[in-house]
Amino acid sequence: MTAPAIFVPAWAKINLTLSVLAKREDGYHALASVMQTVSLCDTLRIQPTDGSAVTCAVDVPALQSDENLALRAARLLQTEGHLAGGAALELRKQIPAQGGLGGGSSDAAAVLTALNQIYALNLTQAQLEALGARLGSDVPFFIQGGTALIEGRGEFVTQLPDCEPLWLIIARPPISVSTAAVFRALTPADYGDANDTEAVVAAIRSGGPVPFERLSNTLEPVVIQRWPEVAATRDTLIGAGASVVRMSGSGPTLFAPFRSLLDATHVFNTIHLEHIEAWLCHTVGHGTVGTPSA
Ligand code: C5P
């Protein structure tokens, strides 16, 4: 008898900091970043099946293809000889694609983690992270989620204590920006040091408040300069009362952190009137990625 289906949340992430340090010989960039999972999420339904077929139905037709990272994650477990059984996946997308929120990467990590659990594959966290790295730079982080320091091109993940609980407004300017295009637009003059990332890591390790003034993203000025829609959305958030607005990943999505729900709600309601696509969500602690929600 096959095991019962489960629902699994696949949380989005934001980059509290993103320091691009240098270009590597393999064409990728060396990063230091503090990543954080947030409560905006995709939802997967995972049904183990007899036989070895893996399928994935997605509620966004454009994302239903062999390239879908959730599907590729399940197939990677099979081609690596870890998984003999099959799975019928259903994926409800809520995280905007190509937004800098890691949606596809989180879906992949959730599938790896959930199939490991359902089929008792006994893969360690390190093995899951190594498999994830083959699917995309952000996937290893999502195996554990929570708050983590990311280094290398994304494959070195150092778990940090969960940061203080924060409310977040996530706002999406009305454009899509490809990660590769943003990294291509970088020049050596844009590279920075890891000082902000180190300061935020130290604050989180000490259990203190997140130093909002040290949140930074090397890619943000590059994107803001080229895509005026991002600057416009940022200005609307600031005009509505957000004191700190940063870009997540390679953008174009922006986030604003709050310690007070009423402050966050005021800003959220104000930008809603300006027809900005936005979500009011919050930070999510580690160990909840890929955990069955029911
Ligand atoms: O690894 P992933 O497919 O998510 O990366 C997408 C693109 O982003 C890469 O092809 C590369 O151009 C760029 N990238 C980079 N340095 C990183 C991560 C991504 O240059 N550390």
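Structure summary
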quantity	calculated
Selected residue (only one of LEU76, LEU71, LEU31, LEU21 is out of contact with any strand residue (DSSP E or B) (no Cβ under 8 Å at 6 or more places or on another chain) and within 22 Å of GLU155 (Cα to Cα))	LEU76
Residues satisfying the stated conditions in region 27-52, i.e. within 16 Å of the ligand (Cβ to nearest atom) and either closer than 30 Å to VAL245 by Cβ or at pLDDT 95 or above (or both)	TYR28, HIS29, ALA30, LEU31, ALA32, SER33, VAL34, MET35
Evaluation of VAL182 against (1) farther than 28 Å from ALA74 by Cβ; (2) buried (at least 16 other Cβ atoms within 10 Å of the Cβ); (3) away from the ligand (no atom under 15 Å from the Cβ) (one fails), failing number	(3)
Neighbours by Cβ (under 8 Å, 6+ apart or cross-chain): first from region 170-190, without any contact (Cβ under 8 Å) to a residue 60 or more places away in the chain; second part of a helix (DSSP H, G or I)	ALA185/VAL222; ALA185/ARG226
Scan of region 47-91 for residues that are loosely packed, with under 14 Cβ neighbours inside 10 Å and within 15 Å of ALA3 (Cβ to Cβ), ordered by number	ASP50, GLY51, ALA84
Qualifying residue in region 252-269 (condition: crowded, with 24+ Cβ neighbours inside 10 Å, of a type outside the set (S, T, N, Q), within 15 Å of the chain's Cα centre (by Cα) and within 16 Å of the ligand (Cβ to nearest atom))	yes
Lone unmet requirement of (1) touching a residue at least 24 places away in the same chain (Cβ under 8 Å); (2) more than 16 Å from the ligand (Cβ to nearest atom); (3) touching a Leu at 6+ places or on another chain (Cβ under 9 Å) for ALA10	(2)
Selection count where residues are within 11 Å of the ligand (Cβ to nearest atom) and of a type in the set (Val, Ile, Thr), scope region 140-153	1
Residue in region 269-283 that is under 20 Å from MET35 (Cβ atoms) and in contact with a Cys (Cβ under 8 Å, 6 or more places away or on another chain) present	yes
Matching residues, region 39-68, being of a type in the set (A, V, I, L, M, F, W, C) and either over 26 Å from ILE170 (Cβ atoms) or assigned to a strand (DSSP E or B) (or both)	LEU40, CYS41, LEU44, ILE46, ALA53, VAL54, CYS56, ALA57, VAL58
Candidates VAL244, VAL200 - the one that is of a type in the set (A, V, I, L, M), buried (at least 18 other Cβ atoms within 10 Å of the Cβ) and modelled with pLDDT of 95 or more	VAL200
Qualifying residue in region 208-222 (condition: crowded, with 20+ Cβ neighbours inside 10 Å, within 16 Å of the ligand (Cβ to nearest atom) and more than 18 Å from the chain's Cα centre (by Cα))	yes
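Every residue, every condition in (1) surrounded by fewer than 22 Cβ atoms within 10 Å (Cβ to Cβ); (2) within 16 Å of the ligand (Cβ to nearest atom), yes or no:
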| site | (1), (2) |
| --- | --- |
| ASN122 | yes, no |
| LEU128 | no, no |
| ASP138 | no, yes |
| GLU155 | yes, yes |
| PRO161 | yes, no |
| GLU164 | yes, no |
| ALA171 | no, no |
| SER178 | yes, yes |
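The values are calculated or read from the model by the stated rules, or taken from the named source; none is laboratory data. All values reported here derive from a predicted model rather than from experimental measurement. Here Cβ is always computed from backbone atoms with ideal geometry, including for glycine, and neighbour counts include all displayed protein chains.
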